[in-house]
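Inspection log for the structure reproduced underneath, given as structure tokens.
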Amino acid sequence: MPIVTVQMLEGRSDAQKEALIADLHDAVVRHFGVADQAVTIVLQESEAANWAVGGKSIRQLRGG
């Protein structure tokens with residue numbers, strides 16, 4: 001059972017997330033040859049203050 005986890009910053013719309021889920025699901029089914037129900041996709045969203053690059057939070061880098 002393939003499990004795909006996507007870590008991303010918050011802020012995308014439900015429609016964007018649903019489209020991503022559908023595209024990822026289809027790719028896993030196509031490439032791995034598994035049944036639809038075998039694919040699990042988890043989207044993990046983080047706040048900009050909780051994600052850092054180069055020692056600074058994304059919020060800081062964005063000037064917030």
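Derivation of every value follows stated rules applied to the coordinates shown; laboratory data play no part. All figures in this text were calculated on a predicted structure; none of them were measured in a lab. Every residue, glycine as well, gets a Cβ built from its backbone with ideal geometry; the counts of neighbours run over all protein chains shown.
Assorted remarks:
- Within segment 1-31, the set of residues being part of a helix (DSSP H, G or I), surrounded by 13 or more Cβ atoms within 10 Å (Cβ to Cβ) and among the charged types (D, E, K, R) comprises K17 only.
- For segment 37-64, the set of residues classified as under 15 Å from the mean Cα position of the chain (by Cα) and either among the aromatic types (F, W, Y) or in a strand (DSSP E or B) (or both) consists of T40, I41, V42, L43, Q44, E45, S46, W51, listed by residue number.
- Given (1) of a type in the set (A, V, I, L, M, F, W, C); (2) under 18 Å from the mean Cα position of the chain (by Cα); (3) surrounded by 10 or more Cβ atoms within 10 Å (Cβ to Cβ), number of the condition V34 does not satisfy: (2)
- Per-region count, segment 39-56, residues loosely packed, with under 13 Cβ neighbours inside 10 Å and among the aliphatic types (A, V, I, L, M): 3
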